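Okay, so here's the structure we're looking at.
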Amino acid sequence: MTQSSCVLCAGDGGEVLFRDGLLRVVLVDDADYPGFARVIANAHVREMTDIEPADRQRLLEAVIAVESAQREALAPYKINLASLGNVTPHVHWHVIPRFADDAHFPGPIWGARQREPDPARLAERRARLGALRAAIVARFAAAG
């Protein structure tokens with residue numbers, strides 16, 4: 001995959017909540033997983049080891065900041081962190097709030113669906129997205 005064919009180089013990858021020269025934090029529009037976020041390297045790099053050590057540290061600190069904001073705003077049962085890149089070989093971290101009643105729990109969200117999620121519970125989680133956006137923005141504003 002070249003930079004010109006990379007979907008994370010061609011577009012933001014979601015609703016941008018924060019961006020600086022190194023990375024961006026986006027909310028993913030996923031009907032089953034309100035609050036699903038990604039931390040994406042702005043540069044087209046395939047592996048974490050392609051990034052300078054100080055920038056790798058900043059990237060991981062951003063992942064932790066998003067996880068912390070999700071815990072505060074959404075109170076999930078668990079948070080899944082994943083950096084796969086097999087389909088999109090561009091460094092990005094998935095930060096996914098998980099609930100025991102979500103569509104795939106306890107399996108990964110890319111696995112077999114276990115159940116249909118309760119629409120009322122999904123609506124409750126979507127209603128908290130404003131608080132999540134504010135929590136993420138506040139964490140990155142504080143980091144300066």
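Annotations
- Within region 98-105, none of the residues are assigned to a helix (DSSP H, G or I), within 13 Å of Leu74 (Cβ to Cβ) and either out of contact with any Phe, Trp or Tyr (no Cβ under 6 Å at 6 or more places or on another chain) or not small (Gly, Ala, Ser) (or both).
- Considering region 1-91, the qualifying strands (runs of 3 or more DSSP E), each wholly inside and each with 3 or more residues that are surrounded by 15 or more Cβ atoms within 10 Å (Cβ to Cβ) and touching a strand residue (DSSP E or B) at 6+ places or on another chain (Cβ under 6 Å), run over 23-27, 37-41.
- Comparison of Gln70, Gln57, Gln114 shows that the only residue that is modelled with pLDDT of 95 or more, over 16 Å from the mean Cα position of the chain (by Cα) and within 28 Å of Ala10 (Cβ to Cβ) is Gln57.
- When Arg115, Arg121 are checked against the criterion of being surrounded by fewer than 12 Cβ atoms within 10 Å (Cβ to Cβ), touching an Asp or Glu at 6+ places or on another chain (Cβ under 8 Å), farther than 14 Å from Gln70 by Cβ and of a type outside the set (S, T, N, Q), Arg115 stands alone in meeting it.
- Residue in region 9-31 that is more than 11 Å from the chain's Cα centre (by Cα), among the basic types (Lys, Arg) and on the phi < 0 side of the Ramachandran plot present: yes
- Which numbered condition Ala134 fails, given (1) assigned to a helix (DSSP H, G or I); (2) among the aliphatic types (A, V, I, L, M); (3) over 21 Å from Ala73 (Cα atoms): (3)
- Any chance Ala112 is assigned to a loop (DSSP other than H, G, I, E, B) and out of contact with any Pro (no Cβ under 7 Å at 6 or more places or on another chain): yes
The values are calculated or read from the model by the stated rules, or taken from the named source; none is laboratory data. Just so we're clear, the structure is a prediction, and the values are computed from it rather than from any experiment. Heads up, the Cβs are rebuilt from the backbone with ideal geometry, glycines too, and the neighbour counts pull from every protein chain shown.
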